[in-house]
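The values are calculated or read from the model by the stated rules, or taken from the named source; none is laboratory data. None of these values were measured; they are calculated from a predicted model. As a convention, Cβ positions derive from the backbone with ideal geometry for all residues, glycine included, and neighbour counts pool all protein chains shown.
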Amino acid sequence: MRTPAIVVNFKVYPEVLGRRGWNLAKLCADVAEDTGASIAIAPPAPDLAHIAKLVRVPVFGQHVDAVPAGAHTGWVSPEALLEAGAAGTLINHSERKVPNKNVRAILPRCRELGLEVIACADTIAEAEALARISPDLIAIEPPELIGGDVSVTTAKPEIVAGAVERIRAANPKVRVLCGAGVKTSKDVRKALELGTVGVLLASGVVKAKDPEKALRDLVRGLR
Ligand code: G3P
């Protein structure tokens with residue numbers, strides 16, 4: 001994924017299920033093409049393959065399981081994500097936590113397959129621990145601000161700056177995103193000022209009255 005970037009996590013909000021999610025994916029792709037901004041999306045798992053065929057922006061899984069291909073009913077392997085057309089995956093989102101050892105197990109397999117990994121961290125300490133195992137990106141997201149109206153960049157800029165600093169010290173190759181409550185170009189601009197390479201967000205676009213207007217505003221913050 002080219003950075004600076006905006007990553008839109010669709011979660012499984014009712015607004016993104018089925019056709020509505022396909023439309024949102026197309027909207028994200030149109031805005032990306034129109035503005036030249038780097039926008040990636042993470043649609044619900046059942047729609048990932050369809051959406052990956054529909055649009056040219058990078059499509060990420062919302063989660064991946066550390067299971068090998070084989071008899072593992074109901075799990076999502078990295079190979080399955082790749083076959084579905086994913087460019088990468090989130091892992092360890094605060095709504096889908098996994099033990100650090102699972103992240104550790106999944107990273108070399110994703111790397112081998114060319115899947116980019118965005119590991120999420122709830123705290124600075126977790127971000128630092130994740131940096132040591134070298135995901136491509138870490139998204140710092142304080143859980144208490146997720147889905148709210150105040151951006152982490154306003155409510156807790158010191159957490160974003162602290163995470164950037166500790167991640168850099170632990171592993172300078174890892175790029176940092178931040179998320180939770182990010183809704184406007186001002187929030188994105190501040191995220192970049194704090195040393196990140198972009199934002200991971202959901203409700204600011206998915207729940208917006210006018211998602212296109214919201215996304216176009218967010219993109220302005222990348223410039
Ligand atoms: O993965 C993005 C996320 O958890 C932040 O959600 O709704 O606060 O942008 P939101």
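The single condition among (1) of a type outside the set (S, T, N, Q); (2) touching a Gly at 6+ places or on another chain (Cβ under 9 Å); (3) in contact (Cβ under 8 Å) with a residue 24 or more places away in the chain that residue 204 does not satisfy is (3).
Taking strands (runs of 3 or more DSSP E) as the structural unit, those lying wholly within the range 95-204 and holding at least 2 residues that are within 14 Å of the ligand (Cβ to nearest atom), within 18 Å of the chain's Cα centre (by Cα) and closer than 18 Å to residue 217 by Cβ correspond to 175-179, 198-201. All told, residue 87 falls short of being surrounded by fewer than 22 Cβ atoms within 10 Å (Cβ to Cβ), closer than 18 Å to residue 17 by Cβ and modelled with pLDDT of 95 or more. Within the range 130-154, restricting attention to residues that are small (Gly, Ala, Ser) and surrounded by fewer than 16 Cβ atoms within 10 Å (Cβ to Cβ), which residue is farthest from residue 89 (Cα to Cα)? Here the answer is 148. Given the condition modelled with pLDDT of 95 or more, among the aliphatic types (A, V, I, L, M) and within 10 Å of the ligand (Cβ to nearest atom), answer yes or no: does some residue in the range 209-216 qualify? No: the range 209-216 contains no residue that is modelled with pLDDT of 95 or more, among the aliphatic types (A, V, I, L, M) and within 10 Å of the ligand (Cβ to nearest atom). The set of residues in the range 28-50 that are out of contact with any Phe, Trp or Tyr (no Cβ under 8 Å at 6 or more places or on another chain) and buried (at least 19 other Cβ atoms within 10 Å of the Cβ) comprises 28, 31, 32, 37, 38, 39, 48.
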